[in-house]
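Student: My questions all concern the structure below.
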Amino acid sequence: MEYLTLNHYLLTGAILFALGVIGFATRRNLIVMFLCTEMMFQGVAVTLVAFSKYHGNLDGQSFVIFVLTIAAAEAALALGLVVYLFRRKQTLDAEAWSAMKG
Amino acid sequence: MHTLAATNLDLINLAKWIPLLPLIALVINGIVLGAFKPARKFAALVTILAVGGSFALSVAVWLGMGSASEFTSEQAFVIVRAFEWIHIGGFDGFRADVSFFIDPLTVIMLLTVTGVGTLIAIYASGYMAGDPGYHRFFAYIGLFIFAMTILVMADNLLLLFLGWEGVGVSSYLLIGYYYRKPSAVAAAKKAFIVNRVGDFGFALGLMGVFLVFGAVQYDRVLPEAESVYWMQEHGLDDGRGIFSNTIDDADPIFADAELVIPNIVEVGKREAEIFGSDLKKTLLIIIPFLLMLGAFGKSAQLPLHVWLPDAMEGPTPVSALIHAATMVTAGVYMIARLLPIFQLSEYALYTVAIVGGVTALFAATIALCQYDIKRVWAYSTVSQLGYMFLGVGVLSTVGGVFHLFTHAFFKALLFLTAGSVMHALAGQLDMRKMSGLFRKMPVTAILMLIGCLALAGFPYTAGYYSKDLILAEALVAHPWLGWMGIAVALITAFYTFRLWFRVFTGPTEYEMSNEHHGYPSDHAHDDDHAHHGPHEMPILMNAPLVILAIGAITLGFLTHDWVKDMVEHSTAGAARLSEPHSPAHHAAHVEVDPHHTDTAHHDPYHAAHKLVSTITKIGSISMILLAGYFFWFNRKAAERIASAFGLIKRFLENKWYVDELYHVIIVLPLRVFGWLFYLFDRLIIDGLVVDGLLRYTPRLAGEAQTPLARGVLQGFAVVMAIGVIAVLAFVMYSVL
C-alpha cells in the first residue's frame with residue numbers, strides 16, 4: 001500500500017458517513033446525535049474533495065466550501081435549538097420528544 | 001434641395017437625442033407630475049417641448065444629411081451608435097445594438113412623426129384641458145413618440161420590434177384612456193389582441209431572417225438580400241449561391257463562435273445541417289409572408305383590420321396621431337425598409353399589393369354607410385393604408401411613402417376637425433344628429449373642407465399627387481389592381497363629401513350629447529359646452545389645424561420631387577433600381593442606369609399616369625358634385641336611393657359582418673371549448689378525482705400507517721435511511 005488512491009479517500013468518507021448514521025440511530029443524547037450529523041457531512045465532504053482531485057476540476061472543492069459554510073450556519077442554529085429543547089424539559093434525551101407518536 | 005451643403009456628420013449624430021426627449025417627457029409627466037399635483041397643468045407644455053425638440057433635431061439631421069442623392073452616393077446611410085445592447089457569440093454572432101440607421105427614408109418618417117406629433121400635441125393641450133388624467137395623457141403621448149422614433153430609426157430588426165411593441169403598448173394605453181368606460185376598455189383589448197396575431201408572424205419572420213442571413217442589422221441583411229436578388233435575376237445562381245458552401249464557411253452564425261464557446265459549435269453544426277440550404281431557400285419564400293402578417297396587423301389590413309375602427313374609443317387627438325397619421329403607417333414603413341427581402345419571394349409583393357388594393361376597396365365601401373364621423377375617418381384610414389400597401393406592393397415605394405407623408409397631414413386634420421365638432425357638441429358623433437354647422441363653426445368647416453379635398457384627391461391638393469403616383473404604377477404593374485384603385489378613389493371622394501355636406505350644410509340642426517371628458521355626464525349643467533351649444537375652438541387648437549391645412553393643400557406640389565429624391569436614394573429606392581425589368585420603371589432611373597435609355601420602357605408609365613390623372617381629376621370633381629347634390633340639395637333623394645338598396649346598405653352599415661364572422665369562427669368555438677373544459681373540471685376533476693379518489697385514499701393510507709410511527713426520533717431516522725438506500729439501490733440497479 002504505497003500510494004493513497006481514490007478508493008482510500010472514498011473508503012474514509014464512507015466510514016465517516018456510516019459511523020454518523022449508526023451514531024445518529026443509536027444514541028439518545030441530542031448533542032451527540034447532532035455531532036453524528038456533522039460527521040456525515042464531513043464524510044460527504046471528503047468524498048467530494050477526493051472526486052474533485054481525481055477528475056482534475058474544482059467543482060467538488062468549491063462545493064465543499066459551500067457545504068462547510070452552510071454547515072457552520074446550521075450548527076449555530078441547531079445548537080441554539082438544542083438549548084431551547086433542554087430548557088423546556090430539563091433533559092437532553094431524545095425520547096422525551098415523542099409528540100409525533102401515531 | 002440641391003442647394004444644401006454636403007453631409008455633416010455632427011448634425012446627423014444628434015439623431016441619438018431624438019427618442020430621448022420624449023422619453024424624458026414620459027418620465028417627467030408620469031413620475032414627477034404624477035406625484036406633484038399642482039404642476040400637472042404643465043404636462044402638455046413638457047410634451048410639446050419634448051416632441052417639438054425632437055422635431056427640431058430631426059430637421060437638424062435632415063440638414064446634416066445634405067441632398068439625398070449626394071448623401072447616398074457618398075455614404076448610402078449613416079449608423080449612429082447609442083450603446084451596445086445584445087451581443088452573443090463572436091463578431092459574427094448575434095448582435096443587436098441600440099443604434100440608429102439614418103437614411104433619407106428614416107428622415108422622412110422622423111419629420112412626419114415628430115412634426116405631426118408636435119402639432120397634435122399642441123391641439124391636445126386645448127382638447128384635453130380639464131381632464132383629470134391630463135398628465136397621464138401626455139405621459140402616454142411621450143411614450144408613443146419615443147417608441148415610434150425608435151421604430152423608424154432602429155438599425156436592426158430587434159430594435160424595430162421593440163419600438164413596434166412600444167407603439168402597440170402606448171396605443172393600448174391610449175385607446176383605453178377612458179378606463180372607466182367599458183367600450184373603451186374592450187376596444188383597447190381588441191386592438192392589443194388582434195395585434196398579437198400580426199406580431200406573432202413578425203417575430204417568426206425576425207427569427208427567420210436571423211437564420212437565413214445570420215444577422216438582424218439592416219446594414220448586413222439588406223445588401224446581402226440585394227445581392228442574392230441580383231444573382232437570381234441575372235441567372236448567375238439558383239439563389240443558393242451564398243448558402244451552398246461548406247457549413248463552416250456558409251454559416252456565419254456559428255463559424256466564429258468556435259473560438260468562444262466550443263459546445264455551441266456542435267449544436268450549431270447540427271442545426272446548420274437541419275437548416276441546410278434547401279430549407280433556407282424555403283425560409284426565404286416564407287419570411288416575407290410572416291413579416292407581412294405583422295405589417296397587416298399594425299396597419300389594419302384586411303384580415304386584421306377589425307381593431308382600428310374600434311380604436312376610435314380613445315381621445316380624438318390619439319385617433320389623429322396614432323390611428324391615422326403615424327403608428328398605423330409602421331407596416332408600410334417596415335415593408336418599404338425591408339423591400340430587398342420582400343423581393344426575394346416571388347409572390348410576396350404581389351400579395352401585398354392585392355391585400356392593399358382589396359382592403360382599400362373594402363374599407364371604402366364600409367365608409368360609405370357609416371354614420372359615426374370618427375368611424376368614417378377610421379375606415380377611410382384603413383382604405384388609404386390599403387393604397388399605401390398597393391403602392392409599396394407594385395414597387396412604387398415613392399408613391400407609398402409619399403402617400404404616407406401627405407396622408408399624415410390631411411387625415412390628422414380631418415380627425416382633429418372631427419374632434420372639434422365632437423368637442424363642440426359634447427361628444428356627439430352621429431352625423432344624423434347634426435346638420436348645417438357651417439354657420440356655427442365656419443373655421444372648423446373650412447379646415448375640414450380642405451382636409452376633405454385632399455382626401456378626395458381634388459386636383460392639385462396633396463392627396464391628388466400621392467394617390468396618382470400609386471395608381472399609375474399600379475395600373476402598369478397589375479392593371480386590375482389599378483382599376484380597382486381608381487374605383488376606390490371615386491368612392492372616397494363621394495363618402496368624404498357625404499360627411500362634409502351632411503355635417504356642415506343644410507338646415508342648422510343639432511342634438512347635443514351628454515359626454516364630459518369621455519364619460520357620460522350626470523350633471524350636464526356643470527359643463528360649459530352644454531350651455532353654449534356649438535362654438536368655434538380657441539386659437540390654440542385652431543393654429544395647428546391651420547398648419548396642417550396648409551400642408552394638406554401645398555405638400556403635393558411642393559414636396560413631390562423632394563420625396564421622390566429622398567425615397568429613391570434610400571434603401572427602399574435602391575432595391576427598386578436593382579430591378580431593371582420592372583414594368584413600373586420610369587424616368588428617374590435614366591440618370592442612374594445608362595443601359596436603359598430607350599424611351600420605349602417609359603411610355604407605358606407616362607400613358608398610365610396621364611390616364612389616371614385625367615380620370616381622377618374628372619372623377620373626384622364629379623363625385624364631389626354628386627355628393628353635394630345628394631347631401632346638400634336633395635337629401636330625400638339620397639334616402640330614397642339608400643332604401644332602394646336596403647339590403648346592401650345594411651350589409652355595409654354592418655361592416656360586411658366581419659366582426660360577426662370572427663365572433664362565430666373564433667370567439668364562439670373558444671367559448672364552447674372553454675365550457676367543455678369547465679364541465680370536465682367540474683364533473684371529472686372535482687367530482688370524481690378530488691371528492692372521490694383524493695379524499696379517501698390519503699386518509700385510508702394514513703390510518704393504515706399510524707402504528708408504524710412511534711414518535712421516536714431515531715425511528716424516523718432509520719426509516720428515512722432505509723428509504724434512501726432503497727431509492728439508491730433502485731437507481732443503481734436500473735443504471736447498471
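Student: Within the stretch B:159-191, how many residues are in contact (Cβ under 8 Å) with a residue 40 or more places away in the chain, over 17 Å from B:Thr326 (Cβ atoms) and part of a helix (DSSP H, G or I)?
Tutor: The total comes to 8.
Student: Given the conditions (1) more than 14 Å from chain B (Cβ to nearest Cβ); (2) open to solvent by less than 60 Å² (accessible area, probe 1.4 Å); (3) in contact (Cβ under 8 Å) with a residue 40 or more places away in the chain; (4) of a type outside the set (Val, Ile, Thr), which single one is not true for A:Ala78?
Tutor: The single condition A:Ala78 does not satisfy is (1).
Student: Regarding B:His423, is this residue within 28 Å of the chain's Cα centre (by Cα), of a type outside the set (A, V, I, L, M, F, W, C), open to solvent by 30 Å² or more (accessible area, probe 1.4 Å) and within 19 Å of B:Ile373 (Cα to Cα)? I'd like the intermediate steps shown before the answer.
Tutor: Details: within 28 Å of the chain's Cα centre (by Cα): yes; of a type outside the set (A, V, I, L, M, F, W, C): yes; open to solvent by 30 Å² or more (accessible area, probe 1.4 Å): yes; within 19 Å of B:Ile373 (Cα to Cα): yes.
Considered against the rule, which asks whether it is within 28 Å of the chain's Cα centre (by Cα), of a type outside the set (A, V, I, L, M, F, W, C), open to solvent by 30 Å² or more (accessible area, probe 1.4 Å) and within 19 Å of B:Ile373 (Cα to Cα), B:His423 comes out as yes.
Student: Being within 11 Å of chain B (Cβ to nearest Cβ), in a helix (DSSP H, G or I) and open to solvent by less than 70 Å² (accessible area, probe 1.4 Å) narrows it down to one of A:Ala14, A:Ala73, A:Ala25, so name that one. Before you say what the answer is, go through the steps one by one.
Tutor: Working: A:Ala14 fails: within 11 Å of chain B (Cβ to nearest Cβ); A:Ala73 fails: within 11 Å of chain B (Cβ to nearest Cβ).
Just one listed residue meets the conditions, A:Ala25.
Student: Hey, another quick one. Quick one: which of B:Phe94, B:Phe101 is farther than 24 Å from B:Gly551 by Cβ and open to solvent by less than 20 Å² (accessible area, probe 1.4 Å)?
Tutor: Working: B:Phe94 fails: open to solvent by less than 20 Å² (accessible area, probe 1.4 Å).
Among B:Phe94, B:Phe101, only B:Phe101 is farther than 24 Å from B:Gly551 by Cβ and open to solvent by less than 20 Å² (accessible area, probe 1.4 Å).
Student: Please go through the stretch B:612-634 and give me each residue that is part of a helix (DSSP H, G or I) and either open to solvent by 70 Å² or more (accessible area, probe 1.4 Å) or polar (S, T, N, Q) (or both), ordered by number. Explain how you work it out, then say what you get.
Tutor: Within the stretch B:612-634, the subset part of a helix (DSSP H, G or I) is B:612-633.
Within the stretch B:612-634, B:Ser613, B:Thr614, B:Thr616, B:Ile618, B:Ser620, B:Ser622, B:Leu625, B:Leu626, B:Tyr629, B:Trp632, B:Phe633 meet the criteria.
Student: Taking the stretch A:52-67, which residues are open to solvent by 80 Å² or more (accessible area, probe 1.4 Å) and in a helix (DSSP H, G or I)? Even if it seems obvious, please write down each step before you answer.
Tutor: Let us first name the residues in the stretch A:52-67 that are open to solvent by 80 Å² or more (accessible area, probe 1.4 Å), namely A:53-55, A:58-59, A:63, A:65-66.
Those that are open to solvent by 80 Å² or more (accessible area, probe 1.4 Å) and in a helix (DSSP H, G or I): A:Lys53, A:Tyr54, A:His55, A:Asp59, A:Phe63, A:Ile65, A:Phe66.
Student: Considering (1) more than 26 Å from A:Arg27 (Cβ to Cβ); (2) in contact with an Asp or Glu (Cβ under 9 Å, 6 or more places away or on another chain), say which one A:His55 fails and leave the rest.
Tutor: Result: A:His55 fails condition (2) only.
Yes/no per residue for (1) within 14 Å of chain A (Cβ to nearest Cβ); (2) open to solvent by less than 60 Å² (accessible area, probe 1.4 Å); (3) farther than 30 Å from B:Phe362 by Cα:
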site: B:Ala638; (1), (2), (3): no, yes, no
site: B:Ile641; (1), (2), (3): no, no, no
site: B:Phe645; (1), (2), (3): no, no, no
site: B:Ile648; (1), (2), (3): no, no, no
site: B:Phe651; (1), (2), (3): no, no, no
site: B:Ile665; (1), (2), (3): no, no, no
site: B:Gly674; (1), (2), (3): no, yes, yes
site: B:Arg682; (1), (2), (3): no, no, yes
site: B:Asp691; (1), (2), (3): no, no, yes
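Student: Next question, about the same structure. If you go through the stretch A:83-97 one residue at a time, do you hit one that is within 14 Å of another protein chain (Cβ to nearest Cβ), surrounded by 13 or more Cβ atoms within 10 Å (Cβ to Cβ) and without any contact (Cβ under 8 Å) to a residue 12 or more places away in the chain?
Tutor: Yes: one or more hits.
Student: Sticking with this one: Report, ordered by the first and then the second residue, all pairs with beta carbons closer than 6 Å, sequence separation of six or more or different chains, a first member in the stretch B:614-641 that is closer than 12 Å to B:Ala456 by Cα, and a second member that is of a type in the set (Lys, Arg).
Tutor: B:Ala627/B:Arg498
Student: Somewhere in the stretch B:454-463, is a residue part of a loop (DSSP other than H, G, I, E, B) and in contact with a Leu (Cβ under 6 Å, 6 or more places away or on another chain)? Working first, answer last.
Tutor: At the first step, the residues of the stretch B:454-463 found to be part of a loop (DSSP other than H, G, I, E, B) are B:457-461.
If we keep only those that are in contact with a Leu (Cβ under 6 Å, 6 or more places away or on another chain) as well, we get B:461.
Checking the stretch B:454-463: at least one residue is part of a loop (DSSP other than H, G, I, E, B) and in contact with a Leu (Cβ under 6 Å, 6 or more places away or on another chain).
Student: Among the residues of the stretch B:42-58, are any at pLDDT below 85, of a type outside the set (A, V, I, L, M) and either on the phi < 0 side of the Ramachandran plot or under 29 Å from the mean Cα position of the chain (by Cα) (or both)? Lay out the reasoning, then the answer.
Tutor: Filtering the stretch B:42-58 for residues at pLDDT below 85 gives none.
No; the residues of the stretch B:42-58 include none that is at pLDDT below 85, of a type outside the set (A, V, I, L, M) and either on the phi < 0 side of the Ramachandran plot or under 29 Å from the mean Cα position of the chain (by Cα) (or both).
Student: Pairs under 8 Å by beta carbon, first residue open to solvent by less than 100 Å² (accessible area, probe 1.4 Å) in the stretch B:698-710, partner of a type in the set (A, V, I, L, M), six or more apart or different chains?
Tutor: Taking only residues 6 or more apart or on different chains, the pairs are B:Ala709/A:Met100.
Student: Give the number of residues within the stretch B:693-729 that are closer than 18 Å to A:Phe17 by Cβ and within 9 Å of chain A (Cβ to nearest Cβ).
Tutor: Residues in the stretch B:693-729 being closer than 18 Å to A:Phe17 by Cβ and within 9 Å of chain A (Cβ to nearest Cβ): 4 in total.
The values are calculated or read from the model by the stated rules, or taken from the named source; none is laboratory data. What you see is a predicted model; the values in this text were computed from it and never measured. Cβ coordinates were reconstructed from backbone atoms using ideal geometry, including for glycine residues, and neighbour counts include every protein chain displayed. Each accessible area value is taken on the protein alone, full model and side chains, heavy atoms only, with ligands, DNA and RNA left out. Shrake-Rupley method; radii C 1.70, N 1.55, O 1.52, S 1.80 Å.
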